[in-house]
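Engineer: Submitted below is the structure of interest, expressed as structure tokens.
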Amino acid sequence: MSLSVSLTAIPGIPDIGNGDDLAAIIGDRLDAAGLGLRHGDILCVAQKVFSKAEGCIIPLDTVTPSDEARRYAEELNKDARKIEVVLRESARVVRSFRRPDQNEGTMICEHRLGFISANAAVDESNFGEESAVMVLPPDPDASCAALRAALHARFGAQIGVVMTDTFGRPWRLGQVNVAIGLSKVPATIREQGNTDAWGRPLQVTEPALADEIAAASGLVVRKDGKTPAVLLRGLDWTPAESRGADILRKKQEDMFR
């Protein structure tokens, strides 16, 4: 059991552009900060830098809205081109709504990767381009694996990588960072069959380790701070062949569909 961990926002990471080598950039900044990488370290990296490096930016002047997008645009007072991108990224629209006090409404969508989020995680903030939107990388797990492999080759350390994004919660206010892509970091820790401090068997306990790590990284990141990567050090964990989808509840277990 880890009794203490450290969280360090890696300083000096520049704005990322299409085709940039994230491993080289992050590795250089780790060395410049005197941090390096050690066995057991976990890197939490914001989805936005992966999307930028992989060219997941869509200029709105290239988007032709469908009739469905135009219908939602009228209902929600949103740009039909943005809604078209949301629909393309979605497996389904769970709900759409616009409260009387809102200028623009919201679409709650099941992303093609399985995550439930506002506007299918299509974003238009924190990437410095006008009239464009950003979408998630096509394969967050593969992106994490490539970054981990390159950093392992450079530093020789067995590490984990978590790709984070900011999601709201349906029954709680505010947003938290969650894990949407993983490499070697377990999605959950199955405690079923173990016992509590009084010797009673645990039947359903399963801490969401990857989400706990992602949420913790948000404690040292500011939206205006340009610190998209966080080094977590000191955690006791066991590498696993994990995927971001491992943390999604199975449809047959979902009481709210």
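Engineer: What Kirkwood hydrodynamic radius, in Å, does the chain give when the mean of 1/r is taken over all pairs of distinct Cα atoms and then inverted?
Structural biologist: 19.6 Å
Engineer: Note down the accessible area of residue 66, probe 1.4 Å, to the nearest 10 Å².
Structural biologist: Roughly 40 Å² of residue 66 is accessible to a 1.4 Å probe.
Engineer: Cα gyration tensor of the stretch 1-151, axes a ≥ b ≥ c as square roots of the eigenvalues: rounded (a/c below 1.5), prolate (a/b > b/c) or oblate?
Structural biologist: prolate
Engineer: I've got another one for you. With a probe of 1.4 Å, find how much accessible area the chain has per residue, and write the answer as a whole number in Å².
Structural biologist: On a per-residue basis, the chain sits at 55 Å².
Engineer: Taking R0 as 25 Å, what's the FRET efficiency between residue 2 and residue 248 from their Cβ-Cβ distance, rounded to 0.05?
Structural biologist: Given R0 = 25 Å and the Cβ-Cβ separation, E is 0.45.
Engineer: Still on this structure, please answer the following. Check cross-link reach from residue 78 to the lysines: straight Cα distance under 26 Å, and skip same-chain residues fewer than eight apart.
Structural biologist: The reachable lysines, counting only those whose Cα sits under 26 Å from residue 78, are 48, 52, 223.
Engineer: Now for a separate question. Check cross-link reach from residue 82 to the aspartates and glutamates: straight Cα distance under 17 Å, and skip same-chain residues fewer than eight apart.
Structural biologist: Qualifying aspartates and glutamates at Cα under 17 Å: 61, 67, 68, 74, 104, 110, 123, 124, 129, 130.
Engineer: Let me ask you something else. Sum -39500 (n - 2.57) across every DSSP H segment of at least 4 residues in the chain, then divide by the residue count to get the 222 nm mean residue ellipticity, nearest 500.
Structural biologist: Dividing the helical sum by the residues of the chain leaves -7500 deg cm²/dmol.
Engineer: Additional query: In whole percent, how big is the carbon plus sulfur part of the accessible area of the chain, probe 1.4 Å, protein atoms only?
Structural biologist: That fraction is 49 percent.
Engineer: Under 12 Å from a point 7 Å along the Cα-to-Cβ line of residue 172: which residues of the stretch 216-257 have their amide N that close?
Structural biologist: 216
Engineer: Can you give the accessible area of residue 64, probe radius 1.4 Å, in Å² rounded to 10?
Structural biologist: Approximately 100 Å² of residue 64 is accessible to the 1.4 Å probe.
Engineer: So how compact is the stretch 1-58: Cα radius of gyration and Dmax in angstrom?
Structural biologist: Computed over the Cα atoms of the stretch 1-58, radius of gyration and Dmax are 13.3, 44 Å.
Engineer: Pop a pseudo-label 7 angstrom from the Cα along the beta-carbon direction at both residue 38 and residue 188 and give the gap in nm to one decimal.
Structural biologist: Modelled inter-label distance: 3.1 nm.
Engineer: At 1.4 Å probe size, with no ligands or nucleic acids counted, give the accessible surface of residue 38 in Å², nearest ten.
Structural biologist: Here the accessible area works out near 140 Å².
Engineer: Work out, step by step, the length gained on full extension between residue 236 and residue 150: first 0.36 nm times the residue separation, then minus their alpha carbon distance; give nm to one decimal.
Structural biologist: 28.7 nm
Engineer: Quick one, what does Rg over Rh come out to for the stretch 14-100 if you take C-alpha atoms and the Kirkwood Rh?
Structural biologist: Rg/Rh: 1.18.
The values are calculated or read from the model by the stated rules, or taken from the named source; none is laboratory data. Worth saying up front: this structure is predicted, and the values here are computed from it rather than measured. Because the Cβ atoms are built from the backbone with ideal geometry, glycine has one as well, and the counts that use them run over all protein chains shown. When the accessible area is computed, the model is the full protein with side chains, heavy atoms only, and any ligands, DNA or RNA have been set aside. Shrake-Rupley method; radii C 1.70, N 1.55, O 1.52, S 1.80 Å.
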